[in-house]
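Structure first, commentary second.
What follows is calculated from the coordinates using simple rules that are stated; it is not laboratory data. Just so it is clear, the model here is predicted, and its values are computed rather than measured. Note that we place each Cβ from the backbone using ideal geometry, even for glycine, and neighbour counts take in every protein chain shown.
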Amino acid sequence: MKQKRERLEIIHDILTVIMRNKNKVKPTHLLYKSNLSHKMMKEYLTYLIDKSFIDEINEGKNTFYSLTEQGFQYLDKYSTVLDFMESFGL
Amino acid sequence: MLIPRTITYINTIDTSLKLVALILTAIMFWKAYRMYKLYREQSLMYFTIAFFFFTVGNFFSFIIDVFIYTGIMTKGMLFEIFNLHPVVVLFLAIRLGSLLLGFLYLFFIALGFPKRNVQVAIVLLTIIAGITADIKALFFHLSVTVFTAFVLYDLYLKYKHGRKRAQMLYFMGMAGLYLAYASYALFLFFAPFYWIGHGLEILSYLFFIAALYAVITKNETKARKTRNHT
């Protein structure tokens, strides 16, 4: 259960980093901010693209990641859950 | 001797209040379950289980009433039949056992999750208490009062730390439940306490829903602001 939760936390962290950077972030910046290994981050990004939480945007030589509507919704739900837990003494 | 009682509007109010309690706890259970699916934290699981048991308990509470007040039996007959009719005895045991287990899981959260074997022992004792409870269920009401007192104290400490509106609403709801079950225990000595308990119980569940609503609306507003900013 704990492993699963950690995974959710990492996903939340990645999505938050993207959102806080005006919804457009380079992979290098994401790697630096999310504190993950390159291999791990690639796995997470593939997973998030598959789940349609983020989009990969190619602009010339640069690649960026941005949140989709689903990604925003996931972040909203996640923060609601955290607030719910705090409010209900959990 | 049987003392038949006709179905009165008081019976209808009684049953309606139980239906309202069932709906409110079912809403809480469903919301908690959805959140647990998203964020698999132990405390959230215990909270979901607690409200699952409240829903089951309130469902059987309602079913027993429907069974009694739909003309099959009258309340006077009930006292004769309670110790004889296995279905009524079973339903009553499930109702009391479920409600007690619900409070027990909230109690575990307040205790900070005791060891698994301690939990199993307490759950077994609770089930036995539920099954062996008498009609007036004094032991049941006193146990719930003790559990809610612990939960209340824990919530008070957390509220002092956080001071959020939703925390206060949930705390007030739990305080209402504490008073409701204390009233049910006193109902043996003074009948109107039954109605006071009923009123307080519904009020408590409404406070829970208000706390839930406060959390959801606050986060929706926050999300809207964030998106506009982004």
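Mind scanning A:K39/A:K77; A:K22/A:K77; A:K39/B:K37; A:K33/B:K31; B:K18/B:K160; B:K115/B:K164 and naming the pairs with a C-alpha gap bigger than 25 Å?
Over 25 Å apart, Cα to Cα: A:K39/A:K77; A:K39/B:K37; A:K33/B:K31; B:K18/B:K160; B:K115/B:K164.
Rounded, prolate or oblate, given the Cα gyration tensor of the protein assembly as shown, with a/c below 1.5 counting as rounded?
Prolate, since a/c reaches 1.5 and a/b exceeds b/c.
Mind checking B:161-174 for the average number of partner chain beta-carbons within 10 Å of each residue's beta-carbon?
The per-residue average across the peptide is 2.
Could you sort the peptides B:207-219, B:167-179, B:185-197 by per-residue average Cβ neighbour count (10 Å cutoff), highest mean leading?
Ranked from most to least packed, the peptides come out as B:167-179, B:207-219, B:185-197.
Once label points are set 7 Å from the Cα along Cα→Cβ at both A:K22 and B:E220, what is their separation, rounded to one decimal in nm?
Distance between label points: 3.1 nm.
Go ahead and run the numbers for FRET between B:L125 and B:K160, Cβ-Cβ distance against an R0 of 30 Å, rounding to 0.05.
0.40
Per residue of B:205-217, what is the mean number of Cβ atoms on other protein chains within 10 angstrom of that residue's Cβ?
Per-residue shielding by partner chains comes out at 2.
Using the Karplus curve 6.51 cos²θ - 1.76 cosθ + 1.60 with θ = phi - 60°, work out ³J(HN,Hα) for each residue of segment A:60-76 in order, rounded to whole Hz, and write x for Gly and Pro.
x, 7, 8, 10, 10, 10, 9, 6, 8, 4, 5, x, 4, 4, 4, 4, 4
With each label point set 7 Å from Cα along the Cα-Cβ vector, what nm distance links B:W30 and A:Y32?
For the pair B:W30/A:Y32, the computed spacing is 4.7 nm.
Got a sec? Charge dipole of segment A:2-83, +1 on Cβ for Lys and Arg, -1 for Asp and Glu; which of A:I10, A:S52, A:V81 is way out at the positive end?
So the residue we want is A:I10.
Taking the Cα-to-Cβ direction at B:L138 and at A:E9 and moving 7 Å from each Cα, how far apart do the two end points lie in nm?
Calculated label separation equals 4.9 nm.
Fewest first, what order do B:V66, B:V88 take by the number of other Cβ atoms within 10 Å?
B:V66, B:V88
Can you tell me how much longer the chain between B:I23 and B:Y153 gets when fully stretched, taken as 0.36 nm per residue apart minus their C-alpha distance, in nm with one decimal?
44.1 nm
Given H placed 1.01 Å from N in the peptide plane, which residues other than close sequence neighbours of A:I54 have an amide H under 5 Å from its amide H?
Excluding prolines and chain starts, which carry no amide H, the hits are A:I49, A:T68.
Starting from the Kirkwood radius over alpha-carbon pairs of chain A, derive D by Stokes-Einstein at 10 °C in a medium of 1.306 mPa s and give it in µm² s⁻¹.
116 µm²/s
Quick check on chain A: helices-only [θ] at 222 nm, where DSSP H runs of length 4 and up contribute -39,500 (n - 2.57) each and the sum goes over total residues. Nearest 500, please.
Per the formula, -21500 deg cm²/dmol.
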